[in-house]
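The values are calculated or read from the model by the stated rules, or taken from the named source; none is laboratory data. Bear in mind the structure is a predicted one, so any value in this text is a computation, not a measurement. Cβ placement follows ideal geometry from the backbone for every residue including glycine, while neighbour counts extend to all protein chains displayed.
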């Protein structure tokens with residue numbers, strides 16, 4: 001599953017990255033949505049993901065991804081990223097109690113479907129809960145709970161340490177696109193160097 005914040009509140013440190021530093025709200029929203037679009041496109045092209053659920057209460061997100069045939073559900077009654085992940089996991093497990101459940105960040109524009117496939121396979125091989133640290137090694141971009149295990153998400157500051165402390169095992173694969181989440185303009189430059197998807201490229205084109 002992929003949670004997407006309300007676009008007006010998402011990726012505040014990237015404001016100005018899509019319009020040469022101007023900081024126009026519309027340009028910023030288009031960039032935040034493009035990052036999510038490219039993440040979702042990689043998931044849809046993955047062979048290791050059977051069902052994709054986007055968790056968001058933003059009407060624009062619901063309309064955009066719903067038009068692609070992606071199921072979008074609103075956030076649960078309580079806010080926050082980890083609650084959104086837990087809400088989505090509960091919905092998926094209610095439909096299929098024996099399924100594995102994966103949590104993916106929505107800001108992975110350089111993600112390749114083959115990387116996600118490899119990470120899912122590696123996580124299932126380990127069993128239990130497994131996660132991919134981000135490029136800095138402190139955050140988390142992907143968490144998977146094998147059948148019979150709760151997702152128990154611990155996203156946020158220092159999440160890699162928190163996930164490992166909670167019993168999740170770190171995945172060892174390189175997977176640069178999977179590990180390159182985008183929070184700052186410097187992160188975005190590094191993602192562009194790896195090769196971002198078509199939606200992010202289109203939004204950045206006028207500013208670069």
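Here are the criteria: (1) closer than 30 Å to residue 189 by Cβ; (2) touching a helix residue (DSSP H, G or I) at 6+ places or on another chain (Cβ under 8 Å); (3) part of a loop (DSSP other than H, G, I, E, B). Tell me which single one residue 99 does not satisfy.
Every listed condition holds for residue 99 apart from (1).
Just to be sure, is residue 97 at pLDDT 95 or above, loosely packed, with under 15 Cβ neighbours inside 10 Å and on the phi < 0 side of the Ramachandran plot? Full working, then the answer.
Numbers: at pLDDT 95 or above: yes; loosely packed, with under 15 Cβ neighbours inside 10 Å: yes; on the phi < 0 side of the Ramachandran plot: yes.
Here the answer is yes, as residue 97 does meet what is asked.
If we keep just the residues of the stretch 176-186 that are within 15 Å of the chain's Cα centre (by Cα) and surrounded by fewer than 22 Cβ atoms within 10 Å (Cβ to Cβ), which is modelled with the highest pLDDT?
Start the filter on the stretch 176-186 by keeping residues that are within 15 Å of the chain's Cα centre (by Cα), which leaves 176-183.
If we keep only those that are surrounded by fewer than 22 Cβ atoms within 10 Å (Cβ to Cβ) too, we end up with 176, 183.
Numbers: 176: 98, 183: 95.
That would be 176.
Which residues, counting only those in the stretch 102-130, are surrounded by fewer than 24 Cβ atoms within 10 Å (Cβ to Cβ) and in a helix (DSSP H, G or I)?
Across the stretch 102-130, the qualifying residues are 113, 114, 115, 117, 118, 120, 121, 122, 124, 125, 126.
Scan (1) out of contact with any helix residue (DSSP H, G or I) (no Cβ under 9 Å at 6 or more places or on another chain); (2) closer than 14 Å to residue 100 by Cα for the single condition residue 160 breaks and write down its number.
Here residue 160 clears every test but (2).
Would you check which residues across the stretch 136-173 are assigned to a loop (DSSP other than H, G, I, E, B), over 17 Å from the mean Cα position of the chain (by Cα), surrounded by fewer than 16 Cβ atoms within 10 Å (Cβ to Cβ) and at negative phi and list them? Let's see the steps before the verdict.
Let us first name the residues in the stretch 136-173 that are assigned to a loop (DSSP other than H, G, I, E, B), namely 136-139, 146-158, 166-168, 171-173.
With the extra rule that they be over 17 Å from the mean Cα position of the chain (by Cα), the set shrinks to 146-150, 166-168, 172-173.
Adding the requirement that they be surrounded by fewer than 16 Cβ atoms within 10 Å (Cβ to Cβ) leaves 147-148, 150, 166-167, 172-173.
Once the filter is applied, which keeps residues that are assigned to a loop (DSSP other than H, G, I, E, B), over 17 Å from the mean Cα position of the chain (by Cα), surrounded by fewer than 16 Cβ atoms within 10 Å (Cβ to Cβ) and at negative phi, the stretch 136-173 yields 147, 150, 166, 172, 173.
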